[in-house]
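Everything on this sheet refers to the single structure shown next.
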Amino acid sequence: MSDVLLQAENVGIRFGGLQALEGLNLTVRDKELCCIIGPNGAGKSTFLNVLTGTLRPTSGSVRFLGHDIAGLPLHRIARLGIARKFQIPSVFPSLSVEDNLKVARWGVPSPERPLSELLELVALTDRAGTLAGELAHGQKQWLEIGMALAIEPRLLLLDEPTAGMTPQETLATAEMLLRLKGEFSIVAVEHDIRFVRALNCETLVLHQGRRLRSGPFHEIETDEMVRDVYLGRR
Amino acid sequence: MIARDRNWLLIFAVCAALAVLYPLFADGYQLTVIRDALIFGLFAASLDFFWGRTGILCFGHAAFFGIGGYIMALITLNDAIPFGSVLGIMGAVTGAAFVAAIIGYFLFFGGIRGSYFTIVTLAMGVICQQAAVSWSSVTGGDSGLIGIPPIEFDVGEIHIDLSQDLPSYVFVATIVAVVVLALWSISRGRWGTVLTAIQDNEVRAAALGHNAPLRLLVTFVLSAAIAGLAGALYVCMAGLVAPDLSGLLLSTEVIVWVAVGGRGTLLGPVLGAIFIQRAQQMISSFNPSLWPLLLGCVFVIIVFVLPDGILSIYARLKSLFKGRRRAQ
């Protein structure tokens, strides 16, 4: 299959005596959108860290366009075309919104998307000169998505993109991602069900480090077992 | 051009004008005093270029000053080497840069940051001073090397001899102005912005494709090279080099100059160096034991009251009055 972008095979990771992940498989095709959900402690963030190469799996492999990315330096991974949005908004607080995006663009050899378009995409055009540290929480999250877009990734990995957002902001973020779908692949780790429902895409459900179910979200949502471990708690 | 840049250029122009006019009012001795203070100002600017932009404090910056000084002394004192002054300066700059590159490589790529970096560089300074004392066959030990000739070189047909007060003042002032202007344009552009980003969040900057350790290393090496240049200039003007020039005391003093002048402003540290050295001379002539006490107090007050240095007084007062007006 030539359009496979990211392939995780039989990924397992162990921290001391704790088997955090076991036997996980994930295939992300070019321009595909998919979600990873699961209750707290299911191993979502750990799995994402493995997918971005930050954590080396104790078993299995992660390949991006055929390269084994485990253990590569962060900036090399970024230059391969993997962008990442961190769980805690990590913008550069002492730089302006515009400079934040510039720093992101400078990381790639020849960025194509103009700065003004980036600002517009993340709805921050009128705040370009504001220091990023002074933005509202939701705006910081958007700015970070903008920075991830600026490096023109093949694959965008989002770690809880809507954490701490209001319901309106959450839906606006989902719309933003749906607009971007088709430009590159997106993997979002999330536990806000409204957000995942709005995206309605291929979904992998994790539970205690293992795959519980996977499939389109509307099927997942009606699955009894998923309801029991996760949705049922709402 | 944003207001901050305009203000900086304005202050720079005023300082440059003062430096040009100063010889009209000063005698030879006063010129040499300011000249030497300017060399230390250049040294302070070199530390500020690294500390101010990366937020990482190097507590052994005098090591590079001393290495530059010793290399300059050894080359110019050796009669067998032609063009001693030019080769000496080049040797001093590359020598300091080389040492910084080796130490910096292991520290930055090994993930050493923050206070750990400060502690390692502190040790580096102590090692350099000890080496200068112990390796007496080359460095002259405790008493150092004396009789270093003044800088002289040819530019085309013109022979430049810096043994006189005025030419040496003009030479040093020009170098300081050019280097500070160059460092400023580097640090306000793309290079400086990315450094600020790395200071804010290094992991994030790396995840955007920036090679953070390499950038920090290059900045550190450049900073050390300029410290080496300052050391080379100083030993030629003073005519001697001694282990003190790479010692802990000088490393501490340069930190105080930068802090007092305003970290991250490049120009502030130069002014801080001149200002504090003048104060030191005046107060020491009055009572030598008073100076360390006063210096300590001034440092503490600056850190608490004006953490951005003396250059920020104007901005502070302005925001204070603005606040008052709004309150009324």
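Quick notes
- Residue in the range B:83-97 that is surrounded by 23 or more Cβ atoms within 10 Å (Cβ to Cβ) and over 30 Å from B:Phe153 (Cα atoms) present: no
One line per residue, one yes/no per condition, for (1) free of Cβ contacts under 8 Å to residues at least 60 places away in the same chain; (2) over 22 Å from B:Ala73 (Cβ atoms); (3) in a helix (DSSP H, G or I):
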site: B:Thr94; (1), (2), (3): no, no, yes
site: B:Phe98; (1), (2), (3): yes, no, yes
site: B:Tyr105; (1), (2), (3): no, yes, yes
site: B:Ser115; (1), (2), (3): yes, yes, yes
site: B:Ile119; (1), (2), (3): no, yes, yes
site: B:Leu122; (1), (2), (3): no, yes, yes
site: B:Val133; (1), (2), (3): no, no, yes
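- Selected residue (only one of B:Phe59, B:Phe65 is part of a helix (DSSP H, G or I) and either within 19 Å of B:Asp244 (Cα to Cα) or at pLDDT 95 or above (or both)): B:Phe65
- Of all the residues in the range A:158-196, those that are under 13 Å from the mean Cα position of the chain (by Cα) and part of a loop (DSSP other than H, G, I, E, B) number 6.
- Residue ID - farthest from the chain's Cα centre (by Cα), chosen from residues in the range B:204-236 that are over 29 Å from A:Ser110 (Cα atoms) and of a type in the set (Ser, Thr, Tyr): B:Tyr234
- Cβ-Cβ contacts under 6 Å between residues 6 or more apart (or on different chains), taken from a first residue in the range B:181-199 that is more than 14 Å from chain A (Cβ to nearest Cβ) and within 20 Å of B:Pro269 (Cα to Cα) to a second residue that is of a type in the set (Phe, Trp, Tyr) and part of a helix (DSSP H, G or I), are listed as B:Leu183/B:Phe49.
- Hey, A:Arg29 surrounded by fewer than 21 Cβ atoms within 10 Å (Cβ to Cβ) and over 17 Å from the mean Cα position of the chain (by Cα) or not: no
- In the condition set (1) under 20 Å from B:Asp244 (Cα atoms); (2) modelled with pLDDT of 95 or more; (3) over 22 Å from the mean Cα position of the chain (by Cα), B:Ala100 is compliant with all but (3).
- Selection of the range A:13-26 for residues being surrounded by 14 or more Cβ atoms within 10 Å (Cβ to Cβ) and not in a strand (DSSP E or B) yields an empty set.
- Helices (runs of 4 or more DSSP H) within the range B:210-328 that include 3 or more residues within 16 Å of B:Ala37 (Cα to Cα): B:212-238, B:248-261, B:267-286
- Here B:Leu240 meets each of (1) away from every other protein chain (no Cβ under 14 Å); (2) more than 30 Å from B:Val86 (Cβ to Cβ) with one exception, condition (2).
- Pairing residues of the range B:263-279 that are on the phi > 0 side of the Ramachandran plot with residues that are among the aromatic types (Phe, Trp, Tyr) and surrounded by fewer than 22 Cβ atoms within 10 Å (Cβ to Cβ), at Cβ distances under 8 Å and at least 6 apart in sequence or on separate chains, gives B:Leu266/B:Trp184.
- Test for B:Val172: is it within 18 Å of the chain's Cα centre (by Cα) and farther than 22 Å from B:Phe59 by Cα: yes
- Scanning the range A:198-220 for residues that are crowded, with 16+ Cβ neighbours inside 10 Å and either β-branched (Val, Ile, Thr) or free of Cβ contacts under 8 Å to residues at least 60 places away in the same chain (or both) yields a count of 6.
- Scanning the range A:104-117 for residues that are within 10 Å of chain B (Cβ to nearest Cβ), assigned to a loop (DSSP other than H, G, I, E, B) and either over 15 Å from B:Ala206 (Cα atoms) or touching a residue at least 40 places away in the same chain (Cβ under 8 Å) (or both) turns up A:Gly107, A:Val108.
- Every condition in (1) away from every other protein chain (no Cβ under 14 Å); (2) in contact with a helix residue (DSSP H, G or I) (Cβ under 7 Å, 6 or more places away or on another chain) is met by A:Glu175 except one, and the failing one is (2).
- Matching option when the condition is out of contact with any helix residue (DSSP H, G or I) (no Cβ under 9 Å at 6 or more places or on another chain), modelled with pLDDT of 90 or more and under 30 Å from B:Arg6 (Cα atoms), among B:Ala123, B:Ala182: B:Ala182
- Of the residues making up the range A:57-80, those that are within 9 Å of chain B (Cβ to nearest Cβ) and hydrophobic (A, V, I, L, M, F, W, C) are A:Leu74, A:Ile77, A:Ala78.
- Output for the range A:81-100, where each listed residue is within 17 Å of A:Leu158 (Cα to Cα) and either part of a strand (DSSP E or B) or within 11 Å of another protein chain (Cβ to nearest Cβ) (or both): A:Gly81, A:Ile82, A:Ala83, A:Arg84, A:Lys85, A:Phe86, A:Ile88, A:Pro89, A:Ser90, A:Val91
- Within the set A:Leu101, A:Leu55, A:Leu26, the sole residue that is in contact (Cβ under 8 Å) with a residue 40 or more places away in the chain and in contact with a strand residue (DSSP E or B) (Cβ under 6 Å, 6 or more places away or on another chain) turns out to be A:Leu26.
- Pair list, Cβ < 6 Å and 6+ apart or interchain, from the range B:207-228 residues that are among the aromatic types (Phe, Trp, Tyr) to residues that are surrounded by 24 or more Cβ atoms within 10 Å (Cβ to Cβ): B:Phe220/B:Phe50; B:Phe220/B:Ala100; B:Phe220/B:Gly104
The values are calculated or read from the model by the stated rules, or taken from the named source; none is laboratory data. In this text, all values refer to a predicted model and were calculated from it rather than measured experimentally. Note that each Cβ is placed from the backbone with ideal geometry, even for glycine, and that neighbours are counted across all protein chains shown.
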